[in-house]
Structures are given as C-alpha cells and as structure tokens.
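Asks: Provided herewith is a single structure, encoded as structure tokens, for subsequent inquiry.
Where a number appears in this text, it was derived from the coordinates with a stated rule and is not lab data. Since we're looking at a predicted model, the values are computed, not measured.
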Amino acid sequence: MKFYDLEWLAEKCGTDNKYEITAKIAAEARRESEESLNDKNNPGNERYISNVLLEIEEGKSPINAKNE
C-alpha cells in the first residue's frame, strides 16, 4: 500500500480540509465502483480508492481545485 502526503493531496484536491479530501476521493471511488457494477463486460478490480489516488498522482482524475 502506498501512503500519500496529506499536504500534496490537499493541493491536488483544492482544499486543506481532511474531511473534504476524504469525501472527494470516496465519492470518485464510489462512482467508479458503480460504473463497473453497471458494466457487465467489466468485472472491476475492487481497488477503487487506490485507482483514484493513482489517477490523482498521474493528473488524470477529475478531482481538482475546480471540482467542488
């Protein structure tokens, strides 16, 4: 498991509020989870939170300062 620096996540998520950071990441992971449940051809890998954090790291996540 990779651990992420909270300061870095705060910068990427556009807030320094720990609750908001957690809520944004959880909401995005939930969205990905629901999408995989609706897609019968994609069984999903059940690592949604890790995937969201990796997407944030790579700059591919919709979570940013403009997403509130």
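Asks: Step through the residues of the range 52-62 one at a time and calculate ³J(HN,Hα) from phi using the Karplus curve (6.51 cos²θ - 1.76 cosθ + 1.60, θ = phi - 60°), rounding each to whole Hz and writing x for Gly and Pro.
Replies: For the range 52-62, the Karplus-derived couplings read 5, 4, 5, 5, 4, 4, 8, x, 9, 7, x Hz, x marking Gly and Pro.
Asks: Taking H placed 1.01 Å from N in the peptide plane, check which residues at least 5 places from Ser61 or on another chain put their amide H under 5 Å from its amide H.
Replies: Ile56
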